[in-house]
Amino acid sequence: MVCDLDQEGKRGPNPALWWVNSQGNEVKWSFRELTDFTCRAANVFTQTCGLQQGDRLALILPRVPEWWLVAMGCIRTGIIFMPGTTQMKAKDILYRLKQSNAHSIVTTDALAPEVDSVASECPALKTKLLVSDHGREGWLDFRSLIQSASPDHTCIKSKTTDPMVIFFTSGTTGFPKMAKHSHGLSLRHSFPSSRKLLQLKASDVFWCLSDPGWILAVMGAVFEPWTAGSTVFIHHLPQFDPKVIVETLFKYPITQCIAAPSVYRMILQENFGSLRFPTLEHCTTGGEAMLPEEQEKWRQRTGLLVHQVYGQSETGLTCGTLRGSQVKPGSMGKAIPPFDVQVIDDEGNVLPPNTEGNLGIRIKPTKPIGLFMLYENDPVKTAKVECGDFYNTGDKVTIDEEGYIWFLGRDDDIINASGYRIGPAEVESALAEHPAVAESAVVSSPDPIRGQVVKAFIVLTPQFLSHDPDQLAKELQEHVKAVTAPYKYPRKVEFVPELPKTITGKIKRSELREKESSQMQRQ
Ligand code: BCO
């Protein structure tokens with residue numbers, strides 16, 4: 001089990017965690033130290049904070065070593081942790097705390113005021129833990145508590161079916177759903193079928209570039225590497241900068257990395273002299289689709305193939321191209337057992353090879369280990385994604401005769417912008433708070449670097465009709481960045497006199513989406 005980090009001193013000599021930042025600071029923990037610190041974190045939660053198995057804890061930290069202590073401390077105690085990106089604003093945090101009835105939150109200086117501004121609306125919230133070098137009134141100081149806590153802790157005997165983590169995931173309607181996973185999510189990474197994907201060894205230094213708010217980081221920066229005894233490499237990366245990534249890959253002995261396709265594209269777009277990294281052996285990508293030409297360009301520049309994986313917050317690693325197996329550029333590889341992945345129609349019938357349909361994961365007669373349990377507090381949405389004997393991902397794919405799966409897109413309103421899953425309602429609701437917006441419709445628009453970007457079609461209120469459109473577009477973008485997580489802001493804005501609607505008044509987002517796609521194709 002991942003929690004037995006030290007395995008009685010049997011781990012290799014390499015650090016378990018290696019954290020660096022651009023100021024030259026470094027933290028290296030052995031597996032023994034990590035066991036010690038995560039036991040201390042467990043004791044802080046249960047003894048100091050009075051948290052119990054099944055309680056919920058919101059974990060909103062940037063890439064700092066304490067993130068790993070909190071996550072592992074929760075796993076040891078059975079406290080359900082809920083990772084979230086530090087891009088969140090007060091409104092996003094309030095929604096999460098209320099929906100989940102969170103008992104505790106761990107965050108940083110930057111977000112503490114946002115939490116304080118909404119905490120009175122969250123009666124279940126009992127403890128607030130701050131990861132900082134400074135104290136703050138009403139907050140417990142996580143760093144000093146870790147120093148004084150006992151390193152003796154007995155890990156709970158969790159069942160595979162006990163809840164472990166909740167990911168908030170955007171849907172086509174409304175606000176994010178809570179995809180609840182059991183401890184089976186971590187267990188699955190120890191299955192031989194899962195180990196074949198990256199074939200990590202104790203000597204590997206593995207860098208997952210995803211923000212720790214997403215499932216990709218929980219898998220790629222915790223379960224995958226630590227199950228193998230590899231080093232988890234972390235760069236603080238407060239802002240994304242391709243130059244820092246390239247320098248890091250030259251400077252440190254990183255052997256494997258995983259990042260969204262947009263990261264690879266943004267590196268390729270820059271004029272770097274050489275991309276022949278001295279120790280990098282294996283590259284993986286996930287979160288959005290990568291085009292064959294992009295994979296080929298990366299191979300030409302680095303000499304390395306990019307291996308695609310596919311998954312959702314609901315499913316974890318679902319398919320991928322195993323290390324050492326044939327890479328079919330543009331394909332996201334084959335199903336990873338125990339998932340039985342099939343292409344299904346809307347009734348759950350299995351379709352033959354090379355036929356477009358939905359990517360389905362068989363859940364009957366037995367739900368596979370590693371698939372989410374349910375959407376918390378939402379039986380209707382949980383039932384909606386069940387389709388015959390399958391969980392319906394809603395992603396359109398085909399599968400070829402050899403079992404390779406090819407992503408085609410979605411036919412609903414979800415936007416996948418540079419690996420972020422964004423629901424239109426979240427952006428439309430943020431826009432609606434601005435006095436200039438009478439109505440808006442938010443859709444995806446194709447983008448050569450980010451795959452897709454958020455585009456907002458906006459009907460203005462009469463008093464703003466005479467405003468300078470460029471300036472107003474900028475103002476609305478800044479407004480969205482200020483009221484919700486900025487990754488959702490509309491990178492494109494178009495003012496329109498009216499929105500296309502059905503007879504019943506429903507906005508026809510599909511019409512706007514198609515208009516965007518055909519316009520981009522013509523360019
Ligand atoms: O581009 P702009 O500068 O106009 O705006 C950016 C940021 O500058 C800005 N921002 C960030 N923090 C802010 C802020 N503005 C105000 N206040 C703050 N506190 O907001 C915009 C954020 O957009 P971004 O995050 O896309 O920024 P960026 O820097 O361009 O990053 C590019 C990527 C590629 C690094 C980023 O998009 C990214 O990390 N994408 C990957 C996401 C990911 O990991 N997805 C995986 C999900 S899990 C999954 O899919 C399952 C797979 C198995």
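The values are calculated or read from the model by the stated rules, or taken from the named source; none is laboratory data. Please read these numbers as outputs of a predicted model, since none were measured by experiment. Every residue, glycine among them, receives a Cβ derived from its backbone with ideal geometry; neighbour counts consider all protein chains shown. When the accessible area is computed, the model is the full protein with side chains, heavy atoms only, and any ligands, DNA or RNA have been set aside. Shrake-Rupley method; radii C 1.70, N 1.55, O 1.52, S 1.80 Å.
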Can you find even one residue in the range 427-441 that is open to solvent by 30 Å² or more (accessible area, probe 1.4 Å), under 29 Å from P238 (Cα atoms) and among the hydrophobic types (A, V, I, L, M, F, W, C)? no
One residue is enough: does the range 446-464 have a residue meeting the conditions surrounded by fewer than 19 Cβ atoms within 10 Å (Cβ to Cβ), within 14 Å of the ligand (Cβ to nearest atom) and of a type in the set (K, R)? no
How many of the residues in the range 309-338 are within 16 Å of the ligand (Cβ to nearest atom), among the small types (G, A, S) and farther than 17 Å from S186 by Cα? 4
Which residue pairs have Cβ atoms under 7 Å apart, sit 6 or more places apart or on different chains, and have a first residue in the range 508-523 that is under 14 Å from D447 (Cα atoms) and a second that is outside any helix (DSSP H, G or I) and not hydroxyl-bearing (S, T, Y)? R513/V443; E516/V443; E516/P446; E516/K455; S517/P446; M520/P446
How many residues, within the range 291-319, are surrounded by 20 or more Cβ atoms within 10 Å (Cβ to Cβ), of a type in the set (S, T, N, Q) and farther than 18 Å from N416 by Cα? 1
Quick check on my filter: what residues within the range 354-370 are part of a loop (DSSP other than H, G, I, E, B) and surrounded by fewer than 22 Cβ atoms within 10 Å (Cβ to Cβ)? N354, T355, E356, I363, K364, P365, T366, K367, P368, I369
In this structure, is E347 away from the ligand (no atom under 13 Å from the Cβ), touching a residue at least 12 places away in the same chain (Cβ under 8 Å) and among the charged types (D, E, K, R)? yes
The number of residues in the range 242-288 that are among the small types (G, A, S) and not in a loop (DSSP other than H, G, I, E, B) is 2
Hey, G303 under 30 Å from R276 (Cβ atoms), away from the ligand (no atom under 16 Å from the Cβ), more than 26 Å from the chain's Cα centre (by Cα) and in contact (Cβ under 8 Å) with a residue 12 or more places away in the chain or not: yes
Residue among Q269, Q239 that is touching a residue at least 12 places away in the same chain (Cβ under 8 Å) and of a type outside the set (G, A, S): Q269
Wholly within the range 120-236, helices (runs of 4 or more DSSP H) carrying at least 2 residues that are within 14 Å of the ligand (Cβ to nearest atom): 192-198, 215-218
Can you find a residue that is under 26 Å from T502 (Cα atoms) and in contact with a Pro (Cβ under 7 Å, 6 or more places away or on another chain) anywhere in the range 391-405? no
For the range 482-511 the number of residues that are closer than 12 Å to H434 by Cα and either open to solvent by 40 Å² or more (accessible area, probe 1.4 Å) or among the hydroxyl-bearing types (S, T, Y) (or both) is 1
Answer residue from the range 276-300, given it is over 12 Å from A260 (Cβ atoms) and touching a residue at least 60 places away in the same chain (Cβ under 8 Å) and is farthest from the ligand (Cβ to nearest atom) among those: T279
Given K196, K177, K251, K201, which one is touching a Gly at 6+ places or on another chain (Cβ under 6 Å) and open to solvent by 10 Å² or more (accessible area, probe 1.4 Å)? K177
